[in-house]
Amino acid sequence: MLFSDLKLNDKEPIYIQIKNYIDIMINKGLIPNNSKLPSTRELSQFLNVSRNSIISAYEELKADGTIYSVSGKGTFVNHKNTTLNNSWNIDFESFENEYSKIANEMDIVKSEIPWRSDLISFKSISPNGDLFDIDELKKSFLNRIALEGHKILNYGYAQGYKPLIDYLLSYMNTKGVDTTNKDILITNGFTEGLDLLLSSFTEKGDYIICENPTHNTAIKIFKSLGLNIVGIDINKDGLDFKMLEEKLDSLKNEKNIKIKFAYITPSYHNPTGTVMSPEDRYKFYNLMKKHNIAIIEDGFNEELLYSSSHIFPIASLDNLNNGVIYIGSFSKILFPGLRIGWILCDKKVISRLESVKRCKSIHVSFLDQAILYDYLSNGAFDKYVKKIKKFYGDKFNFTYDCVKKYIPNDYVLGEGGLHIFIKLKNIDSRKLLNKCYEKGVIFMPGDIFYTDDKGKDTLRLGISRLSLEDIEKGIKIIGDSIKELS
């Protein structure tokens, strides 16, 4: 405790000793600026000295400007007039590793045009919060607290909240996935799931296949881990299987390179919004099986499949095998602030990942998991999904019509979901972005989604949080700006 090492002597007045002690402690920075000092009564009792000695010491310090009093509140430190004798500045930039450098270089929140309330922003693909069932979520919170009390406020288990795990295993069964030999690990959203998996089962220099373009966050994780990315083009006809087979044969036969993983988003692919057909899913699965390449399936926005009957995930083809690792999340349609996702794969793999999760972040918030479980299991989620399917479906169709009407393009990709992808005709999307920004409109330039130097003539429009009026107004501005650049 403060003052516990103060040793009073008989050689000088007690109040001077106390005053000098406080002065030294403040100058050393051991009593921070604006910190409250003990009251004169408390300090006199603690030091077993006269209260008048404390009052005198405080008066001396006030006269020097070292402390000040506020009526009814107490006495506080005034540090403004004190300076340290020397400074200390560590060069942290020289410590920084490649992981941090790449994460910062590819941080689009820092590097791209920031959102402002006066802009029509097509950047976000986050869900529209006005559609959230807040009342139902409140009920779920109160219900879990009433049922489990302090248990869900204490430490939990790295694998996750057991009722939520069981719910998600059953949920994956409804998607046609055989979970007999599989288990689930709860993660802080998709991003942690992918990072946990790749940081556990890859080494720097390993190879990974992915669509080109693909999820910007996935590219960032691949590069930060030092992986070699083999991009397979997506064009207006979907994934280029001819290119995929040629690259697989070339890497295997000519360069003797073993590819560890293939990352793919078959439903409402980000950024193109395309949905892979059942036939192409089957073809992709068997091609990876033939080459013994483990598949990482990103279950992005599968719940929004409204323009067709449900298409089963690639994981449903794997049955009792262990070749597909499914990463799921509700973040793009429901409560992204909860940051809850999951990895579904072979039990042995989950066991390894569980220990890595425990090492890195112990576990995902048990309170958040419990609330989400209650919400998902009481029927509210099913009603919510029905509501948003129509809402986003109508909005997508409206946007698609506006794009066709106002924006000159080579082709437009998207089959629903929260965004639409446009390939322009010989127009640099960044030059277009700068011109649109001057007119109050921003969007996501497509080059950030590519694994190479392609995509300079593409862009993604996120539509989830915009009104129909702003969508049409913004798209018309983009179209007019293209004509000015042509």
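The values are calculated or read from the model by the stated rules, or taken from the named source; none is laboratory data. Only a predicted model underlies this, so the values are computations on that prediction, with no experimental measurement involved. Positions of Cβ are generated from backbone atoms using ideal geometry, with glycine treated the same way; all protein chains shown enter the neighbour counts. Side chains are part of the model used for accessible areas, which takes the heavy atoms of the whole protein and leaves out ligands, DNA and RNA. Shrake-Rupley method; radii C 1.70, N 1.55, O 1.52, S 1.80 Å.
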Accessible area per residue, Å², region 98-170 with all protein chains present, probe 1.4 Å: 63 Å²
For region 211-247 versus region 1-63, the gap between their alpha-carbon centres in whole angstrom: 67 Å
Convex hull projection area averaged over all views, region 348-473, Cα basis, nm²: 12.1 nm²
Normalised contact order of region 345-486, rounded percent, pairs of Cα under 8 Å and 6 or more residues apart: 23 percent
Kirkwood estimate for region 93-182, i.e. one over the average of 1/r between Cα atoms, Å: 18.7 Å
Total formal charge among the other residues, if their Cβ is under 11 angstrom from that of LYS255, Lys/Arg +1 and Asp/Glu -1: +1
Net charge dipole size for region 302-406 [Lys, Arg +1 and Asp, Glu -1 on Cβ; Debye, nearest 20]: 260 debye
Once the Cα gyration tensor of region 1-80 is diagonalised, semi-axes √(5λ) in Å: 18, 14, 12
Label-to-label distance, nm, for residues given as ASP382 and ASP64 (7 Å Cα→Cβ offset): 7.4 nm
CD proxy at 222 nm, helix term only [per DSSP H run n ≥ 4: -39500 (n - 2.57); per residue of the chain; nearest 500]: -13000 deg cm²/dmol
Size-normalised alpha-carbon gyration radius of the chain, reference 2.2 N^0.38 Å: 1.29
Region 455-486 versus region 169-195: alpha-carbon centroid distance in Å: 36 Å
HIS79 - accessible surface, heavy atoms, 1.4 Å probe, Å² rounded to 10: 50 Å²
Region 33-164 - convex hull of alpha carbons, volume per residue in Å³: 391 Å³
Kirkwood-Stokes translational diffusion coefficient of region 317-420, alpha-carbon pairs, 4 °C, 1.567 mPa s, µm²/s: 75 µm²/s
Potential lengthening between ASP135 and SER199 on full extension [0.36 nm per residue; Cα-Cα distance subtracted]: 19.1 nm
Hull shadow area, averaged, region 371-423 [alpha-carbon convex hull, nm²]: 4.4 nm²
With DNA, RNA and ligands ignored, accessible area of GLU98 (1.4 Å probe; Å², nearest 10): 110 Å²
Most to least packed among 342-353, 323-334, 292-303, 170-181 [average Cβ atoms within 10 Å]: 323-334, 292-303, 342-353, 170-181
Cα-based shape type of region 338-389, given that a ≥ b ≥ c are square roots of the gyration tensor eigenvalues and the cut on a/c is 1.5: prolate
Under the span-like rule (Cα at least 24 Å along the axis, Kyte-Doolittle mean at least -1.0), DSSP H helices of the chain: 380-406, 468-485
Whether region 201-354 is rounded, prolate or oblate, judged on the alpha carbon gyration tensor where a/c under 1.5 counts as rounded: rounded
The chain - percent of accessible surface contributed by carbon and sulfur, probe 1.4 Å: 50 percent
